[in-house]
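S.K.: Please see the structure below; I have some questions.
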Amino acid sequence: MTSRRRAFLWVLVAVLITLIFGFYSINSGQTTAVLAGTVRAATLLVLGAICGMICERSGIVNIGIEGQFLMAAFSAFTVTSLTGSLALGVFAGIATGLVLGWLLAAMAVGLKVDQIIAGTVINIAAVGLTSFFYDRSRSLGVGKYSPIELGSLADIPLIGRVFFSRPLLTYITICLIVLVHIAMFRSVWGMRTRAIGEHPGAADTVGIRVLRLRYFNATLAGGFAGFGGAYLALEAVGAFSRNMSGGRGFLALAVMIFGRRSPFGAYAAALFFGFATALQNQFQLNSTFDIPTQFVGMLPYVVTIVVVALSGLFGSMRDPAALGQTYEKS
Amino acid sequence: MNKKLFRSCVTPVAAVALGLIIGAILIASQGSSPITAYQAMLVGGLRDSDALLRTFQKATPLIFGGLAVAFAFKAGLFNIGGQGQLLIGAVFAAGVGFGLDGLPMVIHLPLALIAGGLAAAIWGGIAGALKATSGAHEVIVTIMLNFVAGNLTDWLSSSPWKDNSGDRIIARTPPIEPSAEIPTWGALPVGFLLAILVAIMCWFVLERTTFGFQVKSVGFNKDAARYSGIRIGVITASTMAISGMLAGFGGAVESLGVDGRFEAGVNVGLGFEGITIALLARANPIAVIPAGLLVGLMQAGASRMQFKADVAPEIIDVIQALILFFVAAPTILRWILRFQNQTDEDLKLGVGWGSK
Amino acid sequence: MTSTWRRLFALLAVFGLLAAACGSDDSDSASEAEAETVDFKIGLVTDTGKVDDKSFNQSAWEGAQQAAAVIGAEVDYIETEASKDYEANIQLFLDDGANVIVTVGFGMGEATIAAANAHPDVLFIGVDQGQWGGVIPNLAGLIFPEDKSGFLAGALAGMLTESNIVGAVLGTDLVPPVVAFKEGWENGARYTNPSVKTISTYHPGGIDVAFGDPEWGATTSRQVIDQGADIIFGAGGSTGNGALIEVAATEGLYCVGVDTDQWTTVPEAQPCLVTSAMKLIDIGVASLIADAYAGVMEGGNSIGEVGLAPYHDFESTVTAEMRATLDEVLAGLTDGSISTGYPLS
């Protein structure tokens, strides 16, 4: 990270914090509502981004996150509605994600199918299969995950309501972000993963089994997307409907790149995006601007483009060197 | 030569056959008859001139979208923004189509087409230019621009360009003037001929011109291209603009040849299908034509399949995914069919994902 | 070659097993009429939605089935995948010799008019399709004053709210019925409670996602609750359903459904669902089909019934006083002494 870029980021953070407290002192209720909405909208995106990140750090492009979300949401919903257990539904979602992650690896690593095609296969198949087998009469049967207040932490003004009064899966997600970040940058696994993404040949010569680790990582990453799908069906919504992922798997991809393929970066990017979404809702609720919904609705996307373009000027982004390439032992 | 052609057809044909067979098992598992279902699908897409017309109409935007994605692939760019570019093309073509009157067809129709293509070229060019100047990843930018284009076109058709011919009308523009309509010759929509023509032009540009060579050089090896004096930024920006224009033509043909106007929501998903088509065709502009026709045929027959055989139309998505899978993984086909096919190169596009 | 076949067979067997595993629990959709006692065929073409969309397509399909059962007629449906297929799907029923064709949704208006003009011997029922451009004798447009339905629901909300803030999470303003529901809802709330604050928001995305985004519906619903709203109107396909289910997760709040009695269609929302602002599409479709069968169906607009769904678990919440007010409002709306404030009603 260049010093210019670091300075840019700190200025950005300082401005945001000042703004948030400024608004909080003017209207605490709305500020809390917007920030709570921010965290909520960010959760699914960051899970997808972590999935994409683990894949890309290992040299595999995963554009099948959308399909992984959808299939996992479907199976999480179906299992919960059959068993009445939310926990079993979450496991089913994760399992589905793992299977799809393995499938991606089997195609991309094993069969050497082009990775973008492999992801597209998962996406189309997910839309088709979940609609084809969607059971019209099924409902969840139990209430979705509801917020748990974390004791006195929940009483802290603003932050308490925003971060410490959340349903279970959001807490788990925040723990996962920290865990993956540490694992990616401080553990042997992380080092090896980054090695096979940057320079598989060299990694191979020092004894890392490139293909096996890619299989493992893509499968593991699928588990995160699967968890995201379960979150979508069992916590965020509490039902399943056709195409309910609504393009968020693709947004997660953008969030991952924007967050520079690190979990903390991705969470920052996801929060930023979630904030823009919650903010435009608030503009509508308050009738802040008398402009058409369609323009207010563009806000998150336009802002993202602008920020991505600007941050590009402050130090360019770089993909892992071996991204998208199949590795063949020579 | 014939043998080579035959060889290159074996994989896709086998992939289609296998996809359909597995689809048949799924259909049977739902208690319907696969034979009735497929028969209905074929009849629905081929039986008479109406059915054929529908198949051609369905194939047209798919071909344009497939070309858009394929062209960008050649320069190592992934254009996920086909949907947005298609919408922009559709709305501006319709805008010129209904906004001007009194022009003869030979002027009005090309003008409307060009307006759509040009607007979409600018839309796609934004992503290319941003990538060239600030390194902003085209995947992020095109995804975001899809949403922006959706909202922009919805607004255009619900506010300034809204059809006010009656109360309580959904967001849509007035119908285009007859002089901007793309004609249909019997069962053959002229828009489809246009798509074929454009596909051939894409092939020609890529294979027979210096520009095409430069595009492919950038896609093949960016560093080598830079050292040989190719201006990467210019190629990147212009490739994305051309890619956007191709998708935009697809939208323009929809407005001018099929819908007769722009209406919010009727072009849903058409742009995304382009990715599938390009991949099915292995990014070959000529192969995009049969790929588009195949998927168009399935889409045209899907309603009849549901009507006659009670099969949910989503089955065609599943079949598409299977075909794509088998096309992309010829290893499996070779393993099953046991043929050795050395000329059958595996398709590699992911190389182009990287940005520098 | 035998080995090739064996491999092919093995692969297929795997897929077959998978398919069987996935498909084993499917409860078959009843789409065919049981007994064909009379030679009368009813066809229904959905909007780009499904007959199980828990909303207007489903209502219309239920109405068609009810009518078919009464008459003893044959009934079938086609789900439209893309709106460009409207014409072709209507044609499928024409080729099949249908006597009555029900087309559901706004978007199919033009295709229906064209088909009705071309086939004067077939009767058409267009749900949500106002016939403003002139009467076609074989085409009845079934339309609903959604603003009145919304007004009634809003009137109830105005009386129920304790925080004096009522919220609405809506599909998109690109589709007139949604706007009508919203305007009616807000004005209804103000009618019974002049000091009420109404906060409403439309889905910010395009028409293609606006009705199918429950995640946004739920998140936004929470944002609305967080700023004090204690009764929320969710109107807009699964987006609205997401909003209702979110309200149900917090005790002591109310929610109001739309189109049909969502007590049955979205059981997850039962803990908060006071009522739904209904359009009685099923009854409208069934009675028009009955008219058609009897040969007395008239062309032009047919105004369908609207009203509030039963209160179910909230029978005791809605007091006698409130019911009396609602009756007055309904009477006022019917005789025109109360205006919903929606310009095109």
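S.K.: From the phi angles alone, apply the Karplus equation (6.51, -1.76, 1.60; θ = phi - 60°) to region C:72-81 and give each ³J(HN,Hα) in whole Hz, x where the residue is Gly or Pro.
M.R.: x, 9, 8, 9, 8, 9, 10, 8, 7, 8
S.K.: Based on the Kirkwood radius over alpha-carbon pairs, what value in µm²/s does the Stokes-Einstein equation return for the translational diffusion coefficient of the protein assembly as shown at 4 °C and 1.567 mPa s? Can you show the working numbers first?
M.R.: Working: Rh = 29.3 Å.
So the translational diffusion coefficient is about 44 µm²/s.
S.K.: Now for a separate question. Over chain A, what is the relative contact order in percent, taking alpha-carbon pairs closer than 8 angstrom and at least six residues apart? The partial results should precede the final answer.
M.R.: Details: 538 pairs, mean separation 113.5, N = 330.
Relative contact order comes out at 34 percent.
S.K.: Go ahead and set up a Gaussian network model of chain A, Cα springs under 10 Å, then flag whichever of A:Phe264, A:Phe272, A:Phe132 fluctuates most.
M.R.: Most flexible of the set in this elastic network: A:Phe132.
S.K.: With the cut-off at 1.5 for a/c, could you classify region B:50-309 from its C-alpha gyration tensor as rounded, prolate or oblate? Each step should come with its number before you reach the end.
M.R.: Values: a/c = 1.79, a/b = 1.42, b/c = 1.26.
Prolate, because a/c is 1.5 or more and a/b exceeds b/c.
S.K.: Under 5 Å between amide hydrogens, which residues at least 5 positions from C:Phe124 or on another chain qualify, with H placed 1.01 Å from N in the peptide plane?
M.R.: Under 5 Å from the amide H of C:Phe124: C:Ile101, C:Leu139, C:Ala140.
S.K.: Rounded, prolate or oblate: which fits chain C when a ≥ b ≥ c are the square roots of the eigenvalues of the alpha-carbon gyration tensor, with rounded for a/c under 1.5 and prolate only if a/b beats b/c? Write out the running numbers ahead of the final one.
M.R.: Working: a/c = 2.10, a/b = 1.30, b/c = 1.61.
Here chain C falls in the oblate category.
S.K.: Each residue of region B:65-82 in turn: what ³J(HN,Hα) in whole Hz from Karplus with 6.51, -1.76, 1.60 and θ = phi - 60°, glycine and Pro shown as x?
M.R.: Karplus values, whole Hz, x for Gly and Pro: x, x, 4, 4, 5, 5, 4, 5, 4, 4, 9, x, 10, 10, 9, 8, x, x.
S.K.: Take the alpha carbon gyration tensor of region C:283-345, find the square roots of its eigenvalues, order them as a ≥ b ≥ c, and report rounded if a/c is under 1.5; if not, report prolate when a/b exceeds b/c, else oblate.
M.R.: Oblate, because a/c is 1.5 or more while a/b does not exceed b/c.
S.K.: Taking 0.36 nm per intervening residue step and subtracting the Cα-Cα distance, what contour gain separates C:Ala331 from C:Asn164 on full extension?
M.R.: Stretched out fully, the C:Ala331 to C:Asn164 stretch lengthens by 57.6 nm.
S.K.: Separate question: Over chain C, how many pairs of lysines fall under 15 Å by alpha carbon, counting only those 8 or more apart in sequence or from different chains?
M.R.: On the way: C:Lys54/C:Lys279; C:Lys148/C:Lys182; C:Lys148/C:Lys279; C:Lys182/C:Lys197; C:Lys182/C:Lys279.
Lysine pairs satisfying the spacing and distance rule in chain C number 5.
S.K.: Further question: Using the 10 angstrom Cβ neighbour count as an exposure proxy, how do A:Ile26, A:Ile94, B:Ile114 rank, fewest first?
M.R.: A:Ile26, B:Ile114, A:Ile94
S.K.: Further, regarding this structure: In region B:50-309, if the dipole is taken from +1 on Lys/Arg beta carbons and -1 on Asp/Glu beta carbons about the Cα centre, which of B:Ala59, B:Gly269, B:Cys202 is farthest to the positive end?
M.R.: B:Cys202
S.K.: Quick one: what are the phi-derived ³J(HN,Hα) couplings along region B:89-104, Karplus 6.51/-1.76/1.60 with θ = phi - 60°, whole Hz, x for glycine and proline?
M.R.: x, 5, 6, 6, 4, 5, x, 5, x, 9, x, 9, 9, x, 8, x
S.K.: Using the Cα centre of region C:123-195 as the reference point, and only Cβ charges (+1 on K/R, -1 on D/E), how large is the resulting charge dipole? Debye, rounded to the nearest 20.
M.R.: 100
S.K.: A follow-up question, please. Report, in deg cm²/dmol and to the nearest 500, the calculated mean residue ellipticity at 222 nm for chain C, where each DSSP H run with n ≥ 4 adds -39500 (n - 2.57) and the sum is divided by the residue count. Don't skip to the end; give the middle numbers.
M.R.: On the way: 12 runs with 153 residues, N = 345.
Computed ellipticity for chain C at 222 nm equals -14000 deg cm²/dmol.
S.K.: Now, a different point. Any idea what the relative contact order of chain B is, in percent, if you count C-alpha pairs under 8 Å spaced at least 6 apart? Mind dumping the intermediate values first?
M.R.: Numbers: 674 pairs, mean separation 130.6, N = 356.
Relative CO of chain B lands at 37 percent.
Here, each number is a calculation from the coordinates, and none is a lab measurement. On a predicted model such as this, the values are computed, not experimentally measured, just so you know. Cβ atoms come from the backbone with ideal geometry, glycine included; neighbour counts cover every protein chain shown.
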